[in-house]
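Note sheet for the following structure.
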Amino acid sequence: MKNILITGGAGFIGSHVVKRFVNNYPEYNIYNIDKLTYAGNLNNLNEIENKENYTFFKIDINNHEEILKLFNENNITDVIHLAAESHVDRSIESSFEFAKTNVLGTLSLLEASKKSWNLSSKNNIFYHISTDEVYGSLGLKGSFNEKTKYDPNSPYSASKASSDHFVRAYNKTFSLPILISNCSNNYGPFQHNEKLIPNIINSLIKGEKIPIYGDGKNIRDWLFVNDHCDAIELIFKKGIIGQTYNIGSGYEISNIDLAQLIIKIYDNIKLNTSESSKKLIEFVDDRLGHDFRYSIDFSKIKNNLGWKPKTNFQEGILETIKWYLKKN
Ligand SMILES: NC(=O)c1ccc[n+]([C@@H]2O[C@H](COP(=O)([O-])OP(=O)(O)OC[C@H]3O[C@@H](n4cnc5c(N)ncnc54)[C@H](O)[C@@H]3O)[C@@H](O)[C@H]2O)c1
């Protein structure tokens with residue numbers, strides 16, 4: 001019997017992970033805790049909210065007493081940790097909340113796991129979800145693998161790098177059974193409007209300007225959120241304790257090409273062919289410390305666990321655009 005705690009389950013990726021685990025594992029109890037910040041939305045979870053194996057608690061992961069109580073009262077056996085402040089731009093505006101939630105909040109969960117679990121039983125997993133941004137920025141060549149040295153550039157990536165280090169340290173120091181994965185940029189339904197792809201789509205829907213940082217040449221690797229969830233489920237079930245896995249799509253595109261591609265697909269759907277929405281693109285001052293390129297070498301998870309992305313970008317982005325059109 002497993003009592004799995006998923007943190008940040010009202011957010012974008014977390015809500016997909018919660019739905020997947022609630023639906024796929026009726027024999028497990030799934031506890032979702034979320035502070036419900038501006039980024040959390042319980043409507044993301046409507047389809048499973050009444051399922052018997054699902055419980056939601058509104059808890060801040062920094063509230064260590066509440067977290068300990070939750071572990072003890074529900075005999076939490078495993079943690080999949082996604083709760084975080086996740087938007088790079090906000091971390092540049094104000095970094096404190098990023099250090100509090102991403103670093104101290106992670107520590108609060110690690111401590112609760114250490115205090116509550118019998119570490120010699122080998123029955124528990126603390127799975128920390130992280131980002132490829134911890135590795136810093138690349139030029140036009142090369143990719144990040146699991147041995148790439150951490151070199152974070154934004155307050156967001158610095159806070160995630162720090163949390164990764166704490167998770168690894170709890171494994172080395174206390175033998176806490178941990179797993180870490182570092183994933184590239186996700187997109188798909190239920191993502192907050194502040195992020196790049198929803199921002200482009202929503203601007204198109206409203207006929208508003210589409211802001212693109214700098215010259216638009218920065219390159220990202222984009223993974224459909226369901227493919228990330230496949231990887232999370234697989235790592236949780238089959239990952240080797242103590243290890244890190246990189247997750248990515250291999251689909252790299254510059255921000256300006258991404259915007260133009262989404263515009264093309266959107267205009268096709270709307271049959272708005274007389275006038276292209278390309279005129280909505282507006283170049284704005286570059287993000288401070290903007291990383292040029294991220295690229296993921298995901299051969300470890302591919303070769304060792306048999307994962308690879310299933311969704312090609314055209315399919316995934318079409319599904320995403322249709323979801324935002326329906327939502328508006
Ligand atoms: N979105 C991506 O492209 C991406 C890529 C790689 C890794 N990640 C990581 O995946 C995780 C989820 O990312 P996301 O995009 O779904 O983020 P999100 O911002 O959509 O969701 C984060 C959730 O955490 C909750 N939360 C924030 N502070 C909290 C606190 N103190 N206590 C409890 N809950 C709190 C929010 O209410 C929200 O529901 C993060 O750890 C992020 O670093 C994201």
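The table below lists the values:
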quantity	calculated
Exposure proxy order (Cβ contacts within 10 Å, fewest to most) of Phe190, Phe313	Phe313, Phe190
Most mobile of Asn182, Asn24, Asn246 in a GNM of the chain (Cα contacts under 10 Å)	Asn24
Viscosity 1.306 mPa s, 10 °C: Kirkwood-radius Stokes-Einstein D of segment 1-41 over Cα pairs, µm²/s	155
Taking the convex hull of Cα positions in segment 1-158, its mean projected area over all directions (nm²)	10.7
Fewest-first ranking of Ser137, Ser203, Ser157, using other Cβ atoms within 10 Å as the exposure measure	Ser137, Ser203, Ser157
Cα-based reach from Lys238 at 16 Å (exclusive), listing lysines while leaving out same-chain residues under 8 positions away	Lys2, Lys122, Lys300, Lys302, Lys308
Mean separation of Cα contacts under 8 Å (6+ apart) over length of the chain, as relative contact order %	17
Cα-based equivalent ellipsoid, segment 193-328: semi-axes from gyration tensor eigenvalues, Å	31, 18, 12
Angstrom value of the Kirkwood radius, inverse mean 1/r, which spans all Cα pairs in the chain	20.3
Size descriptor, Kirkwood hydrodynamic radius, that averages inverse alpha-carbon separations across segment 165-258, Å	15.6
The chain - mean residue ellipticity at 222 nm from DSSP helices (-39,500 (n - 2.57) per run, n ≥ 4, rounded to 500)	-12000 deg cm²/dmol
Where the Cα pairs of segment 4-75 fall when distances are cut into 5 Å bins, in %	3, 18, 31, 24, 17, 7, 0
Viscosity 0.692 mPa s, 37 °C: Kirkwood-radius Stokes-Einstein D of segment 51-111 over Cα pairs, µm²/s	254
Range of Cα positions in segment 119-215 per principal axis (Å), largest first	58, 31, 21
Residue among Pro26, Pro155, Pro211 with the largest mean-square fluctuation in a Gaussian network model of the chain, springs linking Cα atoms under 10 Å	Pro26
Neighbour-count order for Cys183, Cys229, fewest beta carbons within 10 angstrom listed first	Cys229, Cys183
In segment 120-180, the trypsin sites (Lys or Arg not before Pro) that fall in loop regions by DSSP, at most 12 other Cβ within 10 Å	Lys122, Lys141, Lys147, Lys149
Share antiparallel - DSSP beta bridges, the chain, percent rounded to 5	10
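Laboratory data are not the source of any read-out in this text; all were calculated from the coordinates shown. Nothing here was measured: the structure is a model prediction, and the numbers come from that model. Positions of Cβ are backbone-derived with ideal geometry, glycine not excepted, and every protein chain shown enters the neighbour counts.
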